[in-house]
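Everything below concerns the one structure shown next.
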Amino acid sequence: MTRELSCTPQEDRWDPVCEDSGAVHYVKDCTHYYQSGWDDYDLIEDAFGSNTSYLIVEEYEMYSRCGSDSLISATAYVLDEVCHSNVAGTTSTKFSFDKSLFLTTYEDPDCVAEVNATEITHVMLNHQTCVDNARRFYLRGPSSSMTAVAIFEDSSCFETPVGIKITRDFACGASRVPGKTVCGPDGGTLYSISSCTNDYSVLASTVFGNNTPYIIVEEFLESSCWQAQTVSVYIADGACHSNTDDATSFKATLTTDGTATITTYIDTYCNNVQDTIDVSKRLFTSYTFVSDMYCTSGSGHGCGKRFSVGGLGGAGEPSLMKAVVLYDAKDCGSAPVELTAHHVQSCLASTTTEFAASKFGSAPYLIVENYAADTNCQTQKSTVVYKADGKCHPRASDGTYFKITPSFGTSLTIATYPASSCSDFDVEYVTVGTKFINTGRCFGENQRFYANMSALFAPPMVDVESLTREQIMFPEWLWEPTPRRVFQSD
């Protein structure tokens with residue numbers, strides 16, 4: 001994408017003319033481009049499709065701090081390690097993958113004469129950093145799987161591993177080195193097997209099983225739990241285990257009261273302590289992000305950790321919760337009026353969605369996922385499922401009463417009352433727009449909504465004129481949460 005004084009668009013954008021430069025084939029078109037890689041006709045997204053990873057590089061005037069008015073050009077590169085020529089056949093580019101992404105440009109079409117190499121880190125991509133006041137990078141398309149290395153003390157890798165080390169690279173190491181996917185030596189006394197994973201909680205549960213306690217430590221190179229950079233899984237047997245560097249060791253202990261201690265040592269015999277981490281039961285059950293005051297990532301965005309536990313005789317993944325169901329009938333035989341779920345260390349229930357469906361059946365209900373404040377729906381605290389039949393019901397958590405009804409279009413109104421009379425003279429209303437229901441979008445920075453209300457959302461018989469008036473008077477944006485006001489000094 002380049003800024004030009006004039007541009008000739010394709011006559012038929014759906015059937016563009018493909019041209020030949022002698023070096024490559026190409027298509028030219030016109031569009032309005034916006035920061036972050038979007039344009040009026042989604043040309044970049046349509047060109048690569050949803051199954052291809054690509055990197056967008058925006059170039060700005062020097063010292064412009066990447067202001068939108070200073071944008072010079074934007075280039076989208078397919079994310080592979082193949083040499084690609086430019087349209088004129090005079091220069092070329094090539095990627096190399098590691099813990100960082102390296103983009104190298106050449107002054108020839110065959111990637112021989114190197115001009116410069118640019119290192120692009122996960123922190124730059126996650127925070128859309130303005131690099132050198134003149135460049136921004138955006139990663140689009142599916143992300144690469146993480147590299148998982150399971151460490152064993154037996155040469156057959158048949159027994160339970162002592163730990164798993166998981167790292168986020170730009171390409172899974174196991175897929176690049178097939179020999180690592182079979183059991184082999186790793187260090188002087190240990191053995192390992194590498195694999196690729198998109199869900200380290202499921203991987204840990206599969207590897208350790210339900211009856212071998214283990215602790216998961218997620219580490220982040222930023223002050224929020226946006227994306228874990230490394231994940232360490234420790235077997236929590238209280239025994240000393242050496243690491244693959246043949247120089248350090250660790251010991252992880254889980255107590256009966258739900259606390260844990262992870263100690264690392266600067267020798268292989270657990271004699272000289274390097275560091276000790278004490279994890280409270282609250283950190284396990286709340287799945288809370290913990291900032292690290294001694295962060296040395298150099299990212300400028302802080303860093304932190306998050307802890308979870310598994311292998312306690314039930315399913316220990318943080319996605320599973322303990323559920324309490326409230327009924328308004330003594331026999332608990334009808335559909336419940338409220339279901340509350342919160343994180344615990346061990347739980348045998350299914351997912352909240354499946355559990356709610358099994359309890360409410362065909363009755364309409366609303367699932368409300370509650371998250372910690374200022375985490376943009378990243379750190380979940382609890383889930384509450386409400387009966388949404390438009391009638392007044394008690395709320396177990398605080399003694400108030402609620403009523404949930406469909407509003408304009410397919411939005412919902414949640415009414416909260418202080419007493420069982422559910423009088424409209426003393427009520428608090430929250431209206432949730434359609435775009436926040438069953439879409440996974442974060443509402444008010446700390447809630448997500450999912451509903452099973454097809455019966456209540458049956459379209460009423462209204463004439464076109466009435467419907468048009470309703471849409472004009474009550475547009476969808478009206479139900480968006482009111483943003484917090486922020487005042488910034490020049």
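Are any residues in the stretch 202-230 under 15 Å from the mean Cα position of the chain (by Cα) and either farther than 14 Å from Val149 by Cα or surrounded by 23 or more Cβ atoms within 10 Å (Cβ to Cβ) (or both), and if so, which ones?
Let us first name the residues in the stretch 202-230 that are under 15 Å from the mean Cα position of the chain (by Cα), namely 218-230.
Glu218, Glu219, Phe220, Leu221, Glu222, Ser223, Ser224, Cys225, Trp226, Gln227, Ala228, Gln229, listed by residue number.
Sort out which residues of the stretch 170-211 are of a type outside the set (Ser, Thr, Tyr), in a helix (DSSP H, G or I) and closer than 20 Å to Thr244 by Cβ, and write them in order of number. Within the stretch 170-211, Gly173, Ala174, Arg176, Pro178, Gly179, Lys180, Leu203, Ala204, Val207, Phe208 qualify. Anything in the stretch 4-60 that is of a type in the set (Phe, Trp, Tyr) and not assigned by TED's automatic domain parsing to the domain that holds Phe95? List them, or say none. Across the stretch 4-60, the qualifying residue is only Trp14. Pairs meeting the criteria (first residue in the stretch 181-203 and within 21 Å of Gln227 (Cα to Cα) and touching a residue at least 60 places away in the same chain (Cβ under 8 Å), second residue surrounded by 20 or more Cβ atoms within 10 Å (Cβ to Cβ) and small (Gly, Ala, Ser), beta carbons under 9 Å, at least 6 apart or on different chains) are Ser201/Ser308; Ser201/Gly310; Ser201/Gly316. Could you pull out the residue among Gly333, Gly313 that is over 18 Å from Ser397 (Cβ atoms), modelled with pLDDT under 75 and part of a loop (DSSP other than H, G, I, E, B)? Just a single option satisfies the conditions, and that option is Gly333.
Of the residues in the stretch 112-151, how many are part of a loop (DSSP other than H, G, I, E, B) and closer than 24 Å to Val177 by Cα?
Taking the stretch 112-151 and keeping what is part of a loop (DSSP other than H, G, I, E, B), we get 112-113, 121, 128-130, 132-134, 141-145.
Checking which are closer than 24 Å to Val177 by Cα leaves us with 121, 141-145.
Of the residues in that region, 6 qualify.
Every condition in (1) more than 26 Å from Ser201 (Cβ to Cβ); (2) among the hydroxyl-bearing types (Ser, Thr, Tyr); (3) assigned by TED's automatic domain parsing to the domain that holds Ser50 is met by Thr121 except one, and the failing one is (1). Considering the stretch 381-399, the residues that are at pLDDT 85 or above, in a strand (DSSP E or B) and not β-branched (Val, Ile, Thr) include one that is farthest from Ala335 (Cα to Cα), namely Pro394. Restricting attention to the stretch 1-28, and to residues there that are surrounded by 11 or more Cβ atoms within 10 Å (Cβ to Cβ) and small (Gly, Ala, Ser), which single residue is nearest to Asp39 (Cα to Cα)? For the stretch 1-28, the residue satisfying everything is Ser21. If you check Val182, Val123, Val131, Val149 for being over 27 Å from the mean Cα position of the chain (by Cα) and not small (Gly, Ala, Ser), only one passes: Val182. Per the listing Ile277, Ile262, the residue uniquely surrounded by fewer than 19 Cβ atoms within 10 Å (Cβ to Cβ) and at pLDDT 90 or above is Ile277. If Cys111 meets every condition in (1) modelled with pLDDT of 95 or more; (2) within 30 Å of the chain's Cα centre (by Cα); (3) of a type outside the set (Phe, Trp, Tyr) apart from one, which number is that one? The number of the failed condition is (2).
Among residues of the stretch 272-292 that are at positive phi and assigned by TED's automatic domain parsing to the domain that holds Glu222, those with a Cβ under 6 angstrom from a residue that is at pLDDT below 90 and surrounded by 14 or more Cβ atoms within 10 Å (Cβ to Cβ), sequence gap 6+ or separate chain, pair up as Tyr287/Pro318; Tyr287/His343.
Just one of Thr167, Thr129 is touching a strand residue (DSSP E or B) at 6+ places or on another chain (Cβ under 8 Å), under 22 Å from Thr230 (Cβ atoms) and at pLDDT 90 or above; which is it?
Numbers: Thr129 fails: at pLDDT 90 or above.
Being touching a strand residue (DSSP E or B) at 6+ places or on another chain (Cβ under 8 Å), under 22 Å from Thr230 (Cβ atoms) and at pLDDT 90 or above holds for just one of Thr167, Thr129, which is Thr167.
Can you confirm whether the stretch 31-48 contains a residue that is touching a strand residue (DSSP E or B) at 6+ places or on another chain (Cβ under 7 Å), surrounded by 13 or more Cβ atoms within 10 Å (Cβ to Cβ), farther than 22 Å from Leu79 by Cα and in contact (Cβ under 8 Å) with a residue 12 or more places away in the chain? Checked against the condition, which is being touching a strand residue (DSSP E or B) at 6+ places or on another chain (Cβ under 7 Å), surrounded by 13 or more Cβ atoms within 10 Å (Cβ to Cβ), farther than 22 Å from Leu79 by Cα and in contact (Cβ under 8 Å) with a residue 12 or more places away in the chain, the stretch 31-48 yields at least one hit.
Which residues, counting only those in the stretch 48-81, are more than 25 Å from the chain's Cα centre (by Cα) and not hydroxyl-bearing (Ser, Thr, Tyr)?
Going residue by residue through the stretch 48-81, those that are more than 25 Å from the chain's Cα centre (by Cα) are 59-75, 81.
Within the stretch 48-81, Glu59, Glu61, Met62, Arg65, Cys66, Gly67, Asp69, Leu71, Ile72, Ala74, Glu81 meet the criteria.
Evaluating Ala247 against the criteria (1) touching a strand residue (DSSP E or B) at 6+ places or on another chain (Cβ under 7 Å); (2) loosely packed, with under 15 Cβ neighbours inside 10 Å; (3) farther than 16 Å from Gly311 by Cβ; (4) of a type in the set (Gly, Ala, Ser) leaves one unmet condition, (1).
In the set (1) surrounded by 14 or more Cβ atoms within 10 Å (Cβ to Cβ); (2) out of contact with any His (no Cβ under 9 Å at 6 or more places or on another chain); (3) not acidic (Asp, Glu), the condition left unmet by Ser100 is number (2).
Residue-wise test of (1) surrounded by 14 or more Cβ atoms within 10 Å (Cβ to Cβ); (2) under 17 Å from Ile367 (Cα atoms).
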residue	(1), (2)
Ile404	yes, yes
Thr413	yes, yes
Cys422	yes, no
Asp426	no, no
Val432	yes, yes
Ile437	yes, yes
Gly444	yes, yes
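Of all residues in the stretch 36-82, those that are in a strand (DSSP E or B) and closer than 15 Å to Thr129 by Cβ total 6.
The values are calculated or read from the model by the stated rules, or taken from the named source; none is laboratory data. Computed from a predicted structure; not experimentally measured. Cβ: placed from backbone, ideal geometry, glycine included. Neighbour counts: every protein chain shown.
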